[in-house]
Amino acid sequence: MDEKIREAFHKMYEGEAKAMLRLHVFAKKAEEEDIPQIARLFRVIALSEAIHGERALRMITEIKDTDENLKACFQSETHVAEVAYDALIELAERIGDPVASLLFSQSRDVEEGHAKLYKNAINHVIADRETSYYVCTVCGYVSDGVCPATCPVCSAPEDRFVKFQ
């Protein structure tokens, strides 16, 4: 594939992924404001953006078997936690922004947890069992199998977790 076309698909993928997330956040806000039809509109357009993003991603990335995909996700999460967030934390601390530093630190800690979940899957710890996951709606921490009484990353109470089966 021509490098300029690859770059264009990469920009498309990034733009569609950002739009999808933004629209999900907007849908949540519309729900909070009790405007369900607008929330539905935001969600349906988010799905359309996800389709566009997936098509672009398939053009620039070889989607491999699940084992290889898990390994790629593990490597990505590890890099983000060990390199990217550490640089962001350092920046926030250098500037003197404790809120940004806290949010970056919590996100880094959550990313480390994601890496562990992928590593467990790679090692086939969860391949042959069904599990439920619990996601902290405050910081994004994911617990495997058991909902904690409080979030180990941000101390949110148990009622701030959402169960995924």
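For the reader, a short list of remarks on this structure follows.
- Charge dipole (the chain, unit charges on Cβ, about Cα centre) - positive-most of PRO152, ASN120, ILE35: ILE35
- Selection among ALA8, VAL110, ASN69 by position relative to the dipole of region 8-141 gives ALA8 as farthest towards the positive end (Cβ unit charges, Cα centre).
- Residues THR61, THR78, THR66 ordered from highest to lowest accessible area at a 1.4 Å probe: THR66, THR61, THR78.
- Rounded if a/c under 1.5, otherwise prolate or oblate - the chain, Cα gyration tensor axes: rounded
- Unit charges on C-beta of K, R, D, E only; dipole of region 1-77, Debye: 220
- Legend: translational diffusion of region 1-86 by Stokes-Einstein, Rh = Kirkwood radius over C-alpha pairs, 37 °C, 0.692 mPa s; D = 221 µm²/s.
- Accessible area of ILE38 (1.4 Å probe, protein heavy atoms only, ligands and nucleic acids ignored): about 70 Å².
- Å² per residue, accessible surface of region 87-131 at 1.4 Å: 67
- In terms of packing, defined here as the mean over residues of other Cβ atoms within 10 angstrom, the peptides 95-101, 11-17 line up highest first as 11-17, 95-101.
- Overall, region 82-165 carries a charge dipole of about 180 debye about its Cα centre when +1 sits on the Cβ of Lys and Arg and -1 on the Cβ of Asp and Glu, all other atoms neutral.
- Calculated [222 nm] ellipticity per residue, helices only, for the chain: -22000 deg cm²/dmol; basis is -39500 (n - 2.57) per DSSP H run with n ≥ 4, divided by all residues, nearest 500.
The values are calculated or read from the model by the stated rules, or taken from the named source; none is laboratory data. Everything numeric here is computed off the predicted structure, so don't read it as measured data. We place every Cβ from the backbone using ideal geometry, glycine too, and count neighbours over all the protein chains shown. Protein only, heavy atoms only, side chains kept; ligands, DNA and RNA dropped before computing areas. Shrake-Rupley method; radii C 1.70, N 1.55, O 1.52, S 1.80 Å.
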